[in-house]
Amino acid sequence: MQQRSPKQSKEPNLPLPQAYPEGHKGEGRGEGAAIANPTSNHPSSLVINVEGLSKRFNGLLAVNNLALQVRRGEIYGFLGPNGSGKTTTIRMLCGLLTPDGGRGTCLGYDVIRETALIKRQVGYMTQRFSLYEDLSIRENLDFTARIYGMANRRRVVDQALERLGLGDRQKQLAGNLSGGWKQRLALAACMLHEPKLLLLDEPTAGVDPKARRDFWDEIHRLAGEGITVLVSTHYMDEAERCHRLAYIAYGTLLAQGTVAEVVENSGIVTWMVECADVYALGAQLRGRAGIEQVVPFGNVLHVSGTDRALLEQSIAPFRELGECRWTAIQPGLEDVFIQMMEGARDNV
Amino acid sequence: MSERFAWHRFIAVVMKEFIQMRRDRLTFAMMVGIPLIQLVLFGFAINSDPKNLPTAVLSADHSEFSRSFVRALENSSYFKVTAQPASEREAERMIAEGEVQFVVNIPQNFSRRLQRGEHPAILIEADATDPTAVGNAVGALSQLAQSALDHDLRGVLQPLQGKPAPFEVRLHRRYNPEGITQYNIVPGLMGVILTMTMIMQTGLAMTRERERGTMENLLATPVRPFEVMAGKIVPYIMVGYIQVTLILLAARLIFGVPILGSVMLLYIVVLAFIAANLSVGLMFSTVAKNQMQAMQMTFFFFLPSMLLSGFMFPFRGMPEWAQKVGSVLPLTHFLRMVRGILLKGNGLLETLPHLWPIGLFLLTVVAIGLKRYRKTLD
């Protein structure tokens, strides 16, 4: 990765106070001239365009009336708590599940009727490692290449191995690889048939930070080549590396847009407090009018709420004490998402 | 989905299955080892006392005496006259196809020679491929000759009563004259072993994909259900043939089982039987959620197959309802085919009556399996 903003080397969980840097957002886009302008919402530049998508399991609503627009060449983050319907949505997009309701297209094909055509052009990376553990690295890639009927199978597999840097370990069983390598192999396998759209379901769960960073560099490189990527994740630092993102909870889409837009539209006010004893202070703050979230981040405390006046009224007595340093900051994505999730639960 | 079958995807699945089979050394060893061990273990006979065995009476003498003899046969409860063939040829076909267990030949002039005190003979041909099935019935025969006609021998014939028997019953144990149990058991084992390994292996092959999560990956590719199914079946057909060859070799070399019919024909009809069992395995795998369930379902099918097919106990010794259930099972028909070919030297013509029920079974099960195979994760 050529341009890494310094903040990304910080703790992954530290929410970022400022808006998303422009340089990052534009990254990779210059590399592929063929990419349509990602800011355009014209139907032809939408790789995924679905609306009203719903799915029930045994009467339980897993995805509720979901609309999603993903533009070509975009890295689209898909966030939400466990069980919020992320995996179900991804499975519906690639034809693994039949939606109970809704309509739309994926790569220009109907998501209900033309799943076979979609499957040919989509690379789907499952949440769990789903290559054959008892097949070697090469055999796995070879199998995938055969399934997609690739003409120059040998060369394609050789190239993939070389890119992976696994050429000398190609005879090793896939099951013996470490988590990070498994994930890279899985990505290589689902990229083998040169799909136009990548659907990645929590690709970096349980992978160490270095491997995660490498993985994301690779995703940005692919996006630069014009490939559209829909990626679900729990990690906020990963969310911030997406061009745009959607937040889903209890099967319902709660927010959509760039990081800056999502933060801005959330209407959350956050104060950062630096204090000697953040836990004591936290205990006193919790439950006061207007204070909806009190979250410690190491030596600092984030105090958030949606009603600015009420919040500031509640913290005023503490600020007057002068023991701690209070700073108004822009809320981080995590603050925003937790807030949204709480709100959504109240509505469900 | 109107897409056509694609060879490259089918071959991809076949190749993958072969590699996985090769990697799983223990399972592969079991697939070859099970037949050998069972062959050794089943060196003992299983006994029973079946009654009402179907009997054809080929009578060239329509006298009171022959009727009395047939009645006496039936009264012994071992024989049940089910056919009165018009010719020797027809009788021969009946016993070869297994339609009857015995053919009673009453010669011409039986009554006249009996009355003259010439002690005529009645020939009883027994299908002795399964010696336990005919053993007791045969035992009852000698007693019969003694007393069957006592009631008819009156007046001047009175002296013929009692000893020695007024006529002679000659028994001809067909196909297995010495009544060697292994002749029956060893060919039968072929069917039993194929049933168990074929169903279990295919059942596991599919549920393994689901359990390990690789099914999700497979479903996300353009591969079609039929390609997956066929691709998984082919490697196991080959395993099946290896087992058949092993058992045939053991049958010939270790147990000295005669191989009268065409081995070629056997290899052909075995295909239908293997396919039927594989389809059962695949159907189970579309229902079972994990490998454990697939295993349990295998035994759910395997036990009745073993008990009701005529492998463990003589088929004709079972009550009628059990025979009906047994008639649905492919193993029942396969046993008759394989014993027919090996021991009776049956050709294709005599084999056909047992081939079509297997074919019918196969078609039904494949239809259910394809219907149940889920192209999605719903």
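The values are calculated or read from the model by the stated rules, or taken from the named source; none is laboratory data. Here the structure is a predicted model, which means the values were calculated and not measured. Positions of Cβ are generated from backbone atoms using ideal geometry, with glycine treated the same way; all protein chains shown enter the neighbour counts. Keep in mind that these areas ignore ligands, DNA and RNA; they rest on the heavy atoms of the full protein, side chains included. Shrake-Rupley method; radii C 1.70, N 1.55, O 1.52, S 1.80 Å.
Pairs under 9 Å by beta carbon, first residue open to solvent by less than 70 Å² (accessible area, probe 1.4 Å) in region B:7-18, partner among the aromatic types (Phe, Trp, Tyr) and in a helix (DSSP H, G or I), six or more apart or different chains?
Note: pairs meeting the criteria are B:10/B:226; B:12/A:143; B:13/A:143; B:16/A:143; B:17/B:236.
Return yes when residue B:209 is closer than 19 Å to residue B:11 by Cβ, in the same structural domain as residue B:349 (by TED's automatic domain parsing), among the charged types (D, E, K, R) and in a helix (DSSP H, G or I) and no when it is not.
Yes.
For residues that are assigned to a helix (DSSP H, G or I) and open to solvent by less than 60 Å² (accessible area, probe 1.4 Å), scanning just region A:159-174, find the one that is nearest to the other protein chains (Cβ to nearest Cβ).
Only one residue tops the list, namely A:174.
Just the residues that are more than 21 Å from residue A:89 (Cα to Cα) and surrounded by 21 or more Cβ atoms within 10 Å (Cβ to Cβ), please, taken from region A:224-237.
A:237
Inside region B:20-113, counting only strands (runs of 3 or more DSSP E) that do not spill past its ends, which hold 3 or more residues that are open to solvent by 20 Å² or more (accessible area, probe 1.4 Å)?
The qualifying strands (runs of 3 or more DSSP E) are B:79-83.
Just to be sure before I move on: is residue B:231 in a helix (DSSP H, G or I), at pLDDT 85 or above and within 14 Å of another protein chain (Cβ to nearest Cβ) in the structure I sent?
yes
Show the residue pairs meeting these rules: Cβ distance below 6 Å; 6+ apart or different chains; first residue within region B:298-312 and within 14 Å of residue B:333 (Cα to Cα); second residue β-branched (Val, Ile, Thr) and open to solvent by 30 Å² or more (accessible area, probe 1.4 Å).
As it stands, the answer is B:308/B:325, since those pairs meet every condition given.
For region A:87-118, give me each residue that is crowded, with 23+ Cβ neighbours inside 10 Å and touching a Ser or Thr at 6+ places or on another chain (Cβ under 6 Å).
A:95, A:96 - these are the residues of region A:87-118 that are crowded, with 23+ Cβ neighbours inside 10 Å and touching a Ser or Thr at 6+ places or on another chain (Cβ under 6 Å).
Looking at A:222, A:230, A:254 in this structure, which one is within 17 Å of the chain's Cα centre (by Cα) and more than 30 Å from residue A:165 (Cβ to Cβ)?
Exactly one of A:222, A:230, A:254 is within 17 Å of the chain's Cα centre (by Cα) and more than 30 Å from residue A:165 (Cβ to Cβ), namely A:254.
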